[in-house]
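Notes for the one structure printed next.
The values are calculated or read from the model by the stated rules, or taken from the named source; none is laboratory data. Being a predicted model, the structure only gives us computed values, none of them experimental. Positions of Cβ are generated from backbone atoms using ideal geometry, with glycine treated the same way; all protein chains shown enter the neighbour counts. What goes into the accessible areas is simple: the full protein's heavy atoms, side chains included, and nothing from ligands, DNA or RNA. Shrake-Rupley method; radii C 1.70, N 1.55, O 1.52, S 1.80 Å.
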Amino acid sequence: MKNRSRTEYSLLNIIAGVGGYIINTILGFICRMVFVQCLAADYLGVNGLFTNILSMLSLAELGIGGAIVYALYKPLAENNEKKIASLVKVYGIAYRVIGITVGVVGICLMPFLDIIITEQPNITESIYILYLLNLFNTVITYFYSYRSSLLIAAQQNYIVVGINYTVTILQSIFQMIILVITHNYMAYVLIQTIGTILYNLIVSRVAVVRFPCIVSKDIEPLPNNEKRALFKDIRDLTFYKVSGLLVNSTDNILITFFQGLATTGIASNYTLLVNTLNSLLGQVFNSLTASIGNHNATESEDRKFKMFNFMNLMNFWIFGWAALGIVFCSSDIVRLCFGEEYVLPLTIPFVLALNFYTVGMMNAVWTYKHTLGLFRYGRFLQIITGILNIIFSVILGRSWGLFGILFATFIARACTNLWYDPYAVFKHGFHKLSIQYLKKYLYFLIVLLVAAVACRFSMRLIFGSLVIRVLLEIIICSIVTNIVFFCAFCKTAEFSILKEVVTNIFSILVKKK
C-alpha cells in the first residue's frame with residue numbers, strides 16, 4: 001500500500017467529500033422529484049416514517065465510531081499491526097452485538113406500526129414487508145461498518161466516501177429508471193437493499209486488502225485494562241452525542257408550538273440553506289479529522305498547538321465568510337427561489353448566522369477534543385445546554401417569537417459549550433491557559449465586524465434585477481470579506497503555515513499532472 005503525506009490524504013478526503021456531497025445532493029433532489037411524480041403521497045410519508053424510526057434505533061451506535069477511530073490513530077501511526085487487529089476484532093464483536101440488538105428491537109416495534117399509522121395508507125404493498133426491508137438495510141451495515149472505521153482512521157476516508165457516493169449515485173439512477181417504468185415502491189426499496197449490501201461488501205473487501213492483519217487467525221485479545229478504557233470512551237462519547245440531540249432537535253418543535261406550522265415552514269427555507277452550507281463545510285473538517293489524529297499521535301505538544309492555531313484561523317476564515325453570506329445574501333436567495341411571501345426580517349438571517357458561526361467556530365476545538373481523546377470532559381454539559389435551551393426558548397419565544405427561540409439556542413450554548421470545550425482542550429490537551437483562545441476569539445470578532453460593515457456599505461452599490469442582485473451580493477460579499485481577512489492575518493504565523501500548505505497542495509497537483 002502506497003504511503004501518502006498527511007497533506008495528500010487531507011486533499012483527497014476533501015475532494016472526495018465535497019465533490020461527492022454536491023453531486024449526491026443534486027441527484028438526491030432529482031430522485032426525490034421523480035419519487036413524488038411516480039408514487040402516491042402516502043409512499044413519501046411511509047418512507048419518511050421508516051427513516052425516522054430507524055434513525056432513532058441507530059442511536060445505539062452513537063459514540064462507538066468516534067471511539068474506534070481515536071483508539072486506532074496511534075497503532076496506525078506506529079504501524080502496529082497486532083494492536084490494529086486486536087482493536088478491530090473488539091469493534092467487530094461490538095458492532096455485531098449492536099446490529100443484532102437493533103434488529104431485535106426493530107422487529108419488536110412492528111406491532112406498534114398500526115398505532116403509529118392511524119389511517120390505512122394508500123399503498124399496495126404490505127407495510128410490514130416494507131418495514132422489514134428498511135430494517136434489514138440498517139442492520140446489515142453494522143456487520144461491516146467497523147472496517148470502514150479502520151479506513152477512516154487510516155486517513156483513507158476518500159475511499160469510503162468514494163465507494164459510498166459511487167454506489168449511491170448508481171443506486172439513485174436505477175431507482176429513478178425503475179420508478180418511471182414500473183411505479184413500484186417495492187422495486188425501489190429492493191434496489192436500495194442491493195446498494196447497501198454492495199457498498200458494505202466492497203468497503204469490507206478494500207479494508208481486508210489494505211490491512212490483511214485484521215483477518216489473521218491468531219489475533220491476540222485486547223488486554224482487560226485497555227478494554228475498560230475503551231468502553232469508558234465509548235460511554236462518554238455516546239452520552240455526549242445523545243445529549244447533543246436534545247439541543248439540536250427541539251427548535252422546530254418549539255417554533256411550531258409558539259408560532260405555528262406556517263412559521264416553521266417559512267423558516268425552514270432559511271434553515272435549509274444554512275444546513276446545506278453547514279453540511280458542505282462539514283465535509284472539509286470531517287476530511288481533516290484523521291490527519292489531525294495522526295498528527296496528534298506522532299508530533300510534539302508544541303507542534304500540535306501550532307497546528308491547532310492554524311486550524312482555528314481556517315475555521316474562522318471559512319465560517320466567518322459563510323456567516324456574512326447568510327446575513328447579506330440569504331433573503332434575496334429565498335426571495336428568488338420561493339417568493340416574496342417567504343422572506344423574513346433581517347433579524348432572522350442574523351440570528352441564524354450567529355448560531356451558524358458560533359457552532360462552526362467550535363470545529364477546531366471539537367476536532368482536537370475528539371482526536372486527543374478528551375471525551376469525558378463536559379460529557380454532562382450537553383444536558384444542561386438542552387435544558388437551558390428549552391427554558392430560554394419558552395421565555396424568549398413568548399416575547400420575541402421566532403427570533404427569541406433561535407436566539408435562545410445561542411444563549412444556551414454561550415453559557416456552556418462555547419466556553420467550556422475550549423477550556424477543556426487548552427487545559428487538558430495543550431496544558432495552556434484558555435485566555436489565549438479567548439483573546440484570539442475576540443480579535444476574530446472584531447475582524448468579522450469590520451468585514452460586515454464593509455459588506456454593508458458595498459451592498460448599497462448593487463442594482464438590477466433580482467437574479468443580478470443575488471449574483472452581485474455573493475460576489476461582493478466574497479471579495480470584500482476575503483480582502484478584510486487577508487489584511488488582518490497576512491502577517492501572522494498561522495498565515496505562513498497556510499502559504500506552506502497551499503504550496504504543498506500546488507506541488508502535489510503539479511506532480512499528479
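Observations on the structure shown:
- In this rough spin-label picture, where each label sits 7 Å from Cα along the Cβ direction, the residue 123-residue 387 distance is 4.0 nm.
- Values of log10 I(q)/I(0) for the stretch 416-464 across q = 0.13 Å⁻¹ run -0.48, by the Debye formula with one identical scatterer at each alpha carbon and no solvent.
- Computed with a 1.4 Å probe over protein heavy atoms only, the accessible area of residue 183 comes to about 100 Å².
- Heavy-atom accessible area ranking, 1.4 Å probe, most first, across 499, 491, 82, 369: 491, 82, 499, 369
- Our estimate of slack between residue 400 and residue 216, defined as 0.36 nm per intervening residue step minus the Cα-Cα distance, is 60.0 nm.
- Evaluating 6.51 cos²θ - 1.76 cosθ + 1.60 at θ = phi - 60° for every residue in the stretch 359-366, the Karplus couplings come out as 6, x, 5, 8, 4, 5, 4, 5 Hz, glycine and proline recorded as x.
- Solvent-accessible area per residue in the stretch 377-509 equals 54 Å², computed with a 1.4 angstrom probe and all protein chains kept.
- Which listed pairs, of 306/427; 74/306; 82/369, have C-alpha distances above 25 Å, in listed order: 82/369
- Residue 86 - accessible surface, heavy atoms, 1.4 Å probe, Å² rounded to 10: 10
- Cα gyration tensor category, rounded, prolate or oblate, for the stretch 363-453 with a/c compared to 1.5: oblate
- Gain on full extension, evaluated as 0.36 nm per residue between residue 22 and residue 280 minus their Cα-Cα distance, stands at 92.1 nm.
- Taking all protein chains together and a 1.4 Å probe, the residues 335, 205 rank 205, 335 from largest to smallest accessible area.
- Ranked by the mean number of other Cβ atoms within 10 Å of their residues, highest first, the peptides 445-454, 136-145 fall in the order 136-145, 445-454.
- Using a probe radius of 1.4 angstrom, the carbon and sulfur fraction of the accessible surface of the stretch 415-471 is 73%.
- With all protein chains in place and a 1.4 Å probe, the accessible surface of the stretch 314-407 carries 72 percent carbon and sulfur.
- Global geometry of the stretch 360-513, whether rounded, prolate or oblate, following the gyration tensor of its Cα atoms and the 1.5 cut on a/c: oblate
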